[in-house]
Amino acid sequence: MLARDLLRSAPDRVRSALADRGQSPDALGAWLELDGARRTALQEVESLKQRRNEASKQIGRLKGSGADADAAIAEVAAVKERIAALEARLDGLDGELAAIELALPNLPHDSVPRGADESANRVERRVGEPPRFGFEPRAHWDLGPELGILDFERGARVAGARFTAYFGAGAALERALAQFMLDLHVTEHGYLEVLPPYIVNRDSLIGTGQLPKFAADLFKLEGHDYFLIPTAEVPVTNLHRGETLDEETLPRRYVAWTPCFRSEAGSYGKDVRGLIRQHQFHKVELVHLATPETSYDELEAMTVHAGRVLERLGLAYRVVSLSTGDLGFSAAKTYDLEVWLPGQDAYREISSCSNCEDFQARRADLRCRRGGGKARYLHTLNGSGVAVGRALVAVLENYQQADGSVLVPEALRPYLRGLERIVPRA
RNA sequence: GGAGGGGUGGCAGAGCGGUCGAAUGCGCCGGUCUUGAAAACCGGUGGACCGAGAGGUCUCGUGGGUUCGAAUCCCACCCCCUCCGCCA
């Protein structure tokens, strides 16, 4: 959510930011009009309430002294009617204002490349070298089933399209990757591990920005106002919803390994093969809560932390700064980490690290305060550290051998009882 | 799922339907005293919104209702605690 002060005082800045994101700036004109009407109505209703309150006190005094209060009571009755009418109007205005505010995306940071879509994204750096193969590297959707560790057909039987069953070394590899990432972030990067609820309420989803606009992307539990989490960003960022944190305790860095559930509505035909786009997947998520002064340093640090996972796994990747047109709803700035996938002959997103500045903090009422100073909104950041399913894809495709086996990266062997190579399951 | 108890300011804890935004204690801030600190004493201490300001409105879990007037009465919901049932 953007600050009302900002919408009022710098509407042109907001308009041009919306245009950069490829959004229509129309909503802002409507907002300004509604806001003016609201303030007018508010002033009127408040002065009526003042009269009503004074009259009530007078009635109390009159009755206390045994005098007749009928005239005053009659006057209050008339004022109350007008208050009720005005309040109904005010409620309507508040609802319309909130609907607009909750649907306005965050403003891009000045350093974000301007452009309509991903073609305007800027590659910041490349790390590692894509491996060279003496044979035609294959995709994980061929390797996995042949090794007997990924079963797309049975996943589909049990649940449906975009669900997969993992067997043997496949299941263990998923678990090993997650545990390796958690250990790395906890022991080397100073994160606090969190295991949050995998189901959240509506307020949490409003807090991080998935609702009200993106309800179609979520799985909702029938008969309850509960949703499966689309990412641990939601429960972890909302952990401190409504709290004011002492700035001495910032930044806070949390890491959580959770399943994620996404309806993937509207992505029909996209990445239909393999593990890239699933309704259910695991992700190790990084969340930082920071002061406004440090949040961009935190974003750089978070991106480095996510990249470290890929480096330890010996995977080549590049860091991309998303353009204004490609930015997510809540983000002011985002770095995507794209890992090299030989089977697709392309870099594919495996992590997305964003600074949301105070956009989510405003929605989720997350504040901070230094000493006895005034409370202010803190800044929230979130990033994958990294997507586990996609990391598994990257390991299979990058470590495949001519004979169809897959070498296990050194960093994972301690988590796989020393397993060095995945071979077809007997 | 059933029965009961409870949600008041940073914390603890009062609060006959009428100057209650809320006693008191602790904490916190400022001051006096002290070489300094502690103790003691004095004073001040929630937030949001509207307003240029004066000031006003709202806020005692949330939302409704009764009333001229609600922290106090009624209804619904949420959360916490205890017991029973069920369950990993």
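The values are calculated or read from the model by the stated rules, or taken from the named source; none is laboratory data. Just so we're clear, the structure is a prediction, and the values are computed from it rather than from any experiment. Here Cβ is always computed from backbone atoms with ideal geometry, including for glycine, and neighbour counts include all displayed protein chains. Ligands, DNA and RNA are stripped out before the accessible areas are found, and what is left, the full protein with its side chains, is counted by its heavy atoms. Shrake-Rupley method; radii C 1.70, N 1.55, O 1.52, S 1.80 Å.
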Next item on the list: Could you grab the pairs with beta carbons closer than 6 Å, sequence gap of 6+ or different chains, first residue in the stretch A:49-61 and over 20 Å from A:ALA85 (Cβ atoms), second one more than 6 Å from RNA strand B (Cβ to nearest atom) and assigned to a helix (DSSP H, G or I)?
Entry: A:GLN58/A:ALA72; A:ILE59/A:ALA72
Check: With respect to the numbered conditions (1) without any contact (Cβ under 8 Å) to a residue 12 or more places away in the chain; (2) acidic (Asp, Glu); (3) in a strand (DSSP E or B), which one is the sole condition not fulfilled by A:GLU222?
Finding: (3)
Checklist line | Criterion (within 6 Å of RNA strand B (Cβ to nearest atom) and assigned to a helix (DSSP H, G or I)) met by exactly one of A:GLY60, A:GLY29, A:GLY36 | finding: A:GLY60
Margin query: Anything in the stretch A:387-409 that is assigned to a loop (DSSP other than H, G, I, E, B) and open to solvent by 10 Å² or more (accessible area, probe 1.4 Å)? List them, or say none.
Written below: A:TYR399, A:GLN401, A:ALA402, A:ASP403, A:GLY404
Note to self: Tell me yes or no: at least one residue of the stretch A:206-228 is polar (S, T, N, Q) and open to solvent by less than 10 Å² (accessible area, probe 1.4 Å).
What the structure shows: yes
Next item on the list: Give the residues of the stretch A:1-26 that are surrounded by fewer than 17 Cβ atoms within 10 Å (Cβ to Cβ), part of a helix (DSSP H, G or I) and of a type in the set (A, V, I, L, M), sorted by residue number.
Entry: A:LEU6, A:ALA19
Next item on the list: Name the helices (runs of 4 or more DSSP H) wholly inside the stretch A:109-190 in which the number of residues that are exposed (fewer than 13 other Cβ atoms within 10 Å of the Cβ) is 3 or more.
Entry: A:152-158
Next item on the list: Show the residue pairs that are 6+ apart or on different chains and have beta-carbon atoms under 7 Å apart, the first residue being within the stretch A:384-411 and over 12 Å from A:TRP340 (Cα atoms), the second being part of a loop (DSSP other than H, G, I, E, B) and among the β-branched types (Val, Ile, Thr).
Entry: A:SER405/A:VAL423
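Would you tally the residues in the stretch A:328-354 being more than 13 Å from A:VAL393 (Cβ to Cβ) and either crowded, with 24+ Cβ neighbours inside 10 Å or touching a Cys at 6+ places or on another chain (Cβ under 8 Å) (or both)?
The qualifying residues number 10.
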Next item on the list: Might you check whether a residue that is away from RNA strand B (no atom under 16 Å from the Cβ) and in contact with a Leu (Cβ under 6 Å, 6 or more places away or on another chain) occurs anywhere in the stretch A:343-350?
Entry: yes
Note to self: Under 9 Å between Cβ atoms, which residue pairs at least 6 apart in sequence (or on different chains) link something in the stretch A:234-256 that is over 20 Å from A:TYR198 (Cα atoms) and assigned by TED's automatic domain parsing to the domain that holds A:LEU218 with a partner that is among the hydroxyl-bearing types (Ser, Thr, Tyr) and away from RNA strand B (no atom under 14 Å from the Cβ)?
What the structure shows: A:GLU247/A:THR291; A:LEU250/A:THR291; A:LEU250/A:THR294; A:PRO251/A:THR291; A:PRO251/A:THR294; A:PRO251/A:SER295
